[in-house]
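Reading through the structure tokens given below for one structure.
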Amino acid sequence: MSLYTISLATAFIGTTIAAIWDLKTTEVPDQIPYAMIGIALLLFGYQSFIDWSYKPILNSLIVGISFLAFGALMYYLGQWGGADAFLLAAVGFLLPTGNIQTLFPFPLTFLFNLFFIGAGYMMLYAIIFSFLNKNIFIQFKKDLKASSRLMFFGSIGLFAFFFLINYYVGKIFFYSTNSYLLLINSLLPLVLSVTLFLIWKFAKVVEDHGFKKKIPVSKLKVGDMLLKEKKLIGITESQLRKIKKSGVRHVWIKEGVRFVPAFVLALLFTVIFGDAILLLFKFI
């Protein structure tokens, strides 16, 4: 069995276990990414010893530490949890190279795919979450009704803008200014703009009315994330005791998309299809 096969299997097993844990408890034990990193260092350290070359272990360290730095940046920006950052690093340590042909080096391809697949996964997660919480659709409908006038006049303005741009470009570059083509080329970006606006509106409603909750302090538990906390980190046992002693009766907490399953999906996609960017261009 090759080093790549063992590393890939370890990455799949580790991220899958972490994903199941994340979906069940919203928490991922630190031991999972630590074990993955430890196995990676042992594997590539052994390979460097056998090959009498520093390159295998050095490549693992460079990619793993780079991914850890990127994950830490995402964590401090409040976009990722600590588990996400360490899992990304673990995959980097385990898979500094790949056996498939990709446009970019394998680690970068995986990272790009993680964002593409992650965006789709987050949208699907939000939709499923909304079906379980009917209040979100009610609020979404109210928001759309409240902004219907803005959407109507905004759509007219955008259509006129896209129409004039297409007409102007057609005149300048001697393209056809056929009315049918102008209409189609103006409607497509309009539909895309309205769709993106609706997605943003929906995501905002999910965040404001689904992921934010006011709960009694008696129901607060270790791992819950306080709304005032900018980073995606759960409260500790000592913080929980301090809150209960403070006399506060209710607190606002925030939930989020349980993002770890996106690592498994992105890894599968990368191994099977390669670059998501190239695949997207093929369809376009």
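The values are calculated or read from the model by the stated rules, or taken from the named source; none is laboratory data. Nothing here was measured: the structure is a model prediction, and the numbers come from that model. Note that each Cβ is placed from the backbone with ideal geometry, even for glycine, and that neighbours are counted across all protein chains shown.
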Exercise. Confirm whether residue 98 is of a type in the set (Gly, Ala, Ser), in contact with a helix residue (DSSP H, G or I) (Cβ under 9 Å, 6 or more places away or on another chain) and either more than 16 Å from residue 40 (Cα to Cα) or at pLDDT 85 or above (or both).
Key: no
Quiz prompt | Within the stretch 110-167, considering residues that are charged (D, E, K, R) and surrounded by fewer than 15 Cβ atoms within 10 Å (Cβ to Cβ), the one farthest from residue 192 (Cα to Cα) | solution = 134
Quiz prompt | Index of the failed condition, residue 214 passing every other in (1) closer than 29 Å to residue 76 by Cα; (2) surrounded by 16 or more Cβ atoms within 10 Å (Cβ to Cβ); (3) modelled with pLDDT under 75 | solution = (2)
Self-check item: Members of the stretch 110-131 that are under 28 Å from residue 34 (Cα atoms) and in contact with a helix residue (DSSP H, G or I) (Cβ under 6 Å, 6 or more places away or on another chain)
Solution: 110, 113, 114, 116, 117, 118, 121
